[in-house]
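Undergrad: Provided herewith is a single structure, encoded as structure tokens, for subsequent inquiry.
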Amino acid sequence: MTASKLTLDRRAALKLIASTSAVAASAQVFGENAKRSATDPDLVNPEKPWSGELSTKEMASVAVLADMIIPEDQFSPKATDVNAHFYVDEFVSAPYQKCQEALQTIREGLRWLDEQSVMRFGAAFNEISDRKRHMIVEEIKWVASANDLNKSAAIFFALLRDLVATGFYTSFEGMADIGYVGNKPSVTFDGPPREVLIKVGLLDGDII
């Protein structure tokens, strides 16, 4: 190896070290800023940069509804055991248009539940029995089957059901409930099952 070549390699190495240090320093500053940014969060040290918008009373109703949607069974806990109701609050409190529209839908739906509960049973939704709550929710459980007067309430319940399910099934307990086995280290990768490859048309043959 010649002296000129050795000198060139040293310069290149020093330049690489210097540029790497600069990038690392910039990344640190950027990371600190990202912690305070709703649109560019620090995924290594995640923080929620906004406060919950739902009131204590609204959260109580969301919790009750969440456990009606996903109750405890022999396979998994109920929705509130994995804080699915807090996921709902986090989503609707985010500073984005879609989330703010969801917040309005959730609030209007919770108000409708209370109005119906007071009108029918003389008490707020959180104060009546589970049987009475189910009587009200039964009328809005599906958008397609809800009457015209209850369509908006049914849309609210559909949104809430989706949010609760998202919060639940992205938890460790929820993923275990559906048999999800991802996010785990594996020594080998066997690929998709043969039956799946045939079904999607990537292999010819009959599924045995």
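The values are calculated or read from the model by the stated rules, or taken from the named source; none is laboratory data. Because the structure is predicted, anything quoted here is derived from the model rather than measured. In this analysis, Cβ positions are derived from the backbone assuming ideal geometry, glycine residues included, and neighbour counts consider all displayed protein chains. Heavy atoms of the whole protein, side chains included, go into the accessibility calculation; ligands, DNA and RNA do not. Shrake-Rupley method; radii C 1.70, N 1.55, O 1.52, S 1.80 Å.
Undergrad: Grab the Cα-Cα distance for A176 and W50, subtract it from 0.36 nm times how many residues apart they are, and report the gain in nm with one decimal.
TA: Answer, rounded to one decimal: 42.4 nm.
Undergrad: Using a probe radius of 1.4 Å on heavy atoms only, what accessible surface per residue do you get for segment 79-208? Whole Å² is fine.
TA: 65 Å²
Undergrad: Which far-off residues, 5 or more places away or on another chain, put their amide H under 5 Å from the one on V143, with H placed in the peptide plane?
TA: none
Undergrad: Mind listing the phi-derived Karplus ³J(HN,Hα) values for segment 133-140, rounded to whole Hz, using 6.51, -1.76 and 1.60 with θ = phi - 60°, and x for any glycine or proline?
TA: The phi angles translate into 4, 5, 4, 6, 5, 4, 7, 10 Hz.
Undergrad: A further question on this structure: Pop out the ³J(HN,Hα) list for segment 192-201 in order, Karplus 6.51 cos²θ - 1.76 cosθ + 1.60 with θ = phi - 60°, rounded to Hz; leave Gly and Pro as x.
TA: x, x, 4, 4, 5, 4, 5, 4, 8, x
Undergrad: Continuing with the same structure: With θ taken as phi - 60° and the coefficients 6.51, -1.76 and 1.60, list the Karplus ³J(HN,Hα) couplings across segment 160-177 in order, rounded to whole Hz; mark glycine and proline as x.
TA: 4, 4, 5, 5, 4, 5, 5, x, 6, 7, 9, 7, 4, 5, x, 5, 5, 5
Undergrad: Modelling each spin label as a point 7 Å along the Cα-to-Cβ direction, I'd like the D162/E127 distance in nm, to one decimal.
TA: 3.4 nm
Undergrad: In debye to the nearest 20, how big a dipole does segment 45-115 give about its Cα centre with +1 on each Lys and Arg Cβ and -1 on each Asp and Glu Cβ?
TA: About 160 debye.
Undergrad: Now, a different point. List the equivalent ellipsoid semi-axes of segment 126-208 in whole Å, largest first, each obtained as the square root of 5λ for an eigenvalue λ of the Cα gyration tensor.
TA: Taking √(5λ) for each eigenvalue gives 41, 20, 11 Å, largest first.
Undergrad: With a 10 Å radius around each residue's Cβ, average the other Cβ atoms per peptide and rank 95-103, 151-159, highest first.
TA: Peptide ranking by packing, descending: 151-159, 95-103.
Undergrad: Additional query: For segment 42-166, would you read off the P(r) tail past 22 Å as a percentage of all alpha carbon pairs?
TA: Values: 2741 of 7750 pairs.
Percentage above 22 Å: 35.
Undergrad: Follow-up question, since we're still on this one. Between M135 and K151, what length in nm is gained on full extension when 0.36 nm per residue of separation is reduced by their alpha carbon distance?
TA: That works out to 4.1 nm of additional length.
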